[in-house]
Structures are given as structure tokens and as C-alpha cells.
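All of the numbers you see were taken from the coordinates with simple rules; none came from a lab. Since the structure is predicted, the reported quantities are computational estimates derived from the model, not experimental observations. Counting neighbours? That spans all protein chains shown, and the Cβs are built from the backbone with ideal geometry, glycine included.
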Amino acid sequence: MLNLALDGDQQDVVEMTRDLGAAVLSPAAAATERGGAVDPAAWQALCGSGLTVLLSEDLGGDGIPSTVTQMTALEQLAHGDPQATIAAAWSGSAALFVSEHGSAMQRAALRDAAVTGPSHRGAVALYESAGSHEIATTVETDGARVRVRGRKVAVPFAERADTMIVLGRDPSNHELRAVVVPPGQEGMTVRPRAGSLGLDATEQAVVDFDLELPVEHLLAHEGLGLTVARHRLILAAVQTGMAQRALEYAGDYASQRIAFGKPIASFQGISFLIAEAFARTEQARLEILDAASLVDDGAPEDQVTAAVDAAVSYASENAAETTRNAVQVLGGHGFMTEYPVENWYRIAAFLSTVDFDPLASAFQPAF
């Protein structure tokens, strides 16, 4: 029987990250949204936590936590501010790819890069507008050279990434490959996104690749699918932490808002909606833990992929629905920027389009 209960150390991580989210991230969330950049103090706290930038001890880090521990932590941090959390986690994910799959030379370069510093940014170029499976980008080796050709979307910090990991497939056997692309590399065209529905602090861009590099820029491909799966779960964990915060906020509002002489939370139309959101969010949480456990256990890649697909899809569907309902519980206030639910609603909608089946988008409009 699968045991998804957290151990004592993981419970301590939950408390620590929930406190960090409440004390540092949440107070800075509005400034992060207005400025389109993560508050510097929040960024430093996130990168110094050992839960976003993952480095092994030999590279000067705190060691790489289990996938279960990291996803549990990211959910709690996202409860404080989902935008800052996913910006730091996506940036830090590049270090994980090098830590797990890099050569001695690549790992040494990462150790010297001060990746937990305030100015360092990383990027993982995975998505291509059709979910994470339909990877058309090719990574082809030819003797001492490797050629990368393709287009990536939703690439965070693409214009200034110090470490960029590009995922593609070997056209000879369709196997997954990853390449470390240096900043400013010739043959890489970055087209920044000029404003969006949400997540401006992640500085996303569309990037076109048609370049050649020495073959030494390739990462080892053994186990690469598990690292990609872990990277994908970041989105699910952030969506779930944000959904939890939104339903708590809506519940508190409904308990205080008086209509017809009593709190609106006492009406079934509101109370049932919030109760169902709690149940759905708990299910999303359990699906993430299940998928994360499979990653940690090194389960067969097809089994891991199926579990991650389910977790990401359900977490995004739940976050989109829960934040939309939170907006509606607040009525007209839900669409005002003085209240954070409209921001969560926009972020959930945006994230629901990043890693998704284009035939089954989770997003529905609030009206």
C-alpha cells in the first residue's frame, strides 16, 4: 500500500516554508506583481532556502532534497506568493539538470557560478505550445559537434539566463537530450513577451534555436526523463499552493460578508462551493505526492510520465476552477486589484496553458 504521509523532517519543511511564505513572500507579492520582478529580499530568501536552487553538497549546496520534499515545500511557498515561487523554482531547476546530468567540467562551472546569488538566473527550455510531450526541437550530434534546432515558448529569464538547459530529441532514435547553451550564443533568437495575463516576473520569452556547439555541451541522458518529470511537477505544486490560498481567502471573506442578516458562508451555494474546493485541492495534493514518490523511487519512465501528466492536469484544472470561484465569491470585489484573488486567477489561467493538452484546456472564464 502506498504511504503518502510526510515524515517528521518533511513536516518541519512544511512549517518552515509556510512561515517563510507568510513572513517574506506574501507581504512582497503586490510589489512583485506591480514591478514585474521578484522582490530582491524574497528572491534571496527563496534561493537561499535550498528548495528552489538544488545543488549537491560537492557543488556547495545543501544537497538535493527528495522530490516529495521539494514539491511539498513549493506548495507552501506558493501559498505566500505563487509568482515569486515559480520564478525562483524554474530558475533553480537549471542547476538541478547540471547537478544530476553534468560532466565534471559542467559541474565545476556550475559550482563557480554563484547560482544562489541575487543576480543569477537559470532557464529550462522545455515547452513548445503543445504540452511537454510534443517536443519537435532536435538535438543532433555529428562527431565533435551538436546541433540544436527548434522553437521553445514560455522560457523564463531567456534574455539573461546564466545557465540555459534546452530539451530536444535525437532525430535518429527520438530519445530525449539536453544541452547547456551559453548566454548570448550565436544562433539563438530571443523574443521577449511584452506584458501578459500574469507572471511577468518570470520574464518569459519565445526562443528560436539554430546553432552548433561542441559536443561537450551535451548533458548525460540517463535518467533525464525523471528530471524532466520533476521539473514539470513544479507547476503542479505552485498551482496547488495558490488554490489553497485562494479558497482560504474566499472562505474568510464569506465568513465576514453579511447578506440578509447572516454571513454568506452560511448559504449552501457558497459553503458547498468552498467545501468542494477543499476536497479537490486535497486530491491535487495527493496526486502530486504520488507522482513525486514515483520520481524518487526511480519508477519506469512511462509510469512516471503518466502520473505526472495526471497530477499537472488536475492541479491546473483545480487551480483554474478554484481561483475563478474565489473571484465570484468576492463578487465585484473579486475583480479589483486591491484584492489578491484576481491576480491568482490570472496566474492560474496562464499556468494552465503552459503544460497542457491543447484539446483539453482547464481554463474557464469568470463572469
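Per-structure values
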{"item": "Relative exposure of Met188, Met71, judged by other C-beta atoms within 10 Å (fewest first)", "result": "Met188, Met71"}
{"item": "Computed over the chain: relative contact order in percent, which uses C-alpha pairs under 8 Å that are six or more apart", "result": "16 percent"}
{"item": "Nearest-ten-degree value, helix 26-35 long axis tilted from longest Cα axis of the chain", "result": "70 degrees"}
{"item": "Residue exposure sequence - Val181, Val207 - by fewest surrounding Cβ within 10 Å", "result": "Val181, Val207"}
{"item": "Debye equation applied to the C-alpha atoms of the stretch 224-351, log10 I(q)/I(0) at 0.14, 0.16, 0.19 Å⁻¹", "result": "-0.62, -0.74, -0.92"}
{"item": "15 Å beta-carbon shell around Arg191, net charge (K/R +1, D/E -1)", "result": "-1"}
{"item": "Helix 268-297 vs. the chain, principal-axis angle (Cα, 0 to 90°, nearest 10)", "result": "20 degrees"}
{"item": "Within the chain, helix-based [θ] at 222 nm, where runs of 4 or more DSSP H residues each add -39,500 (n - 2.57), nearest 500", "result": "-16000 deg cm²/dmol"}
{"item": "Charge context of Leu55, other residues only, Cβ under 13 angstrom, K/R +1, D/E -1", "result": "-3"}
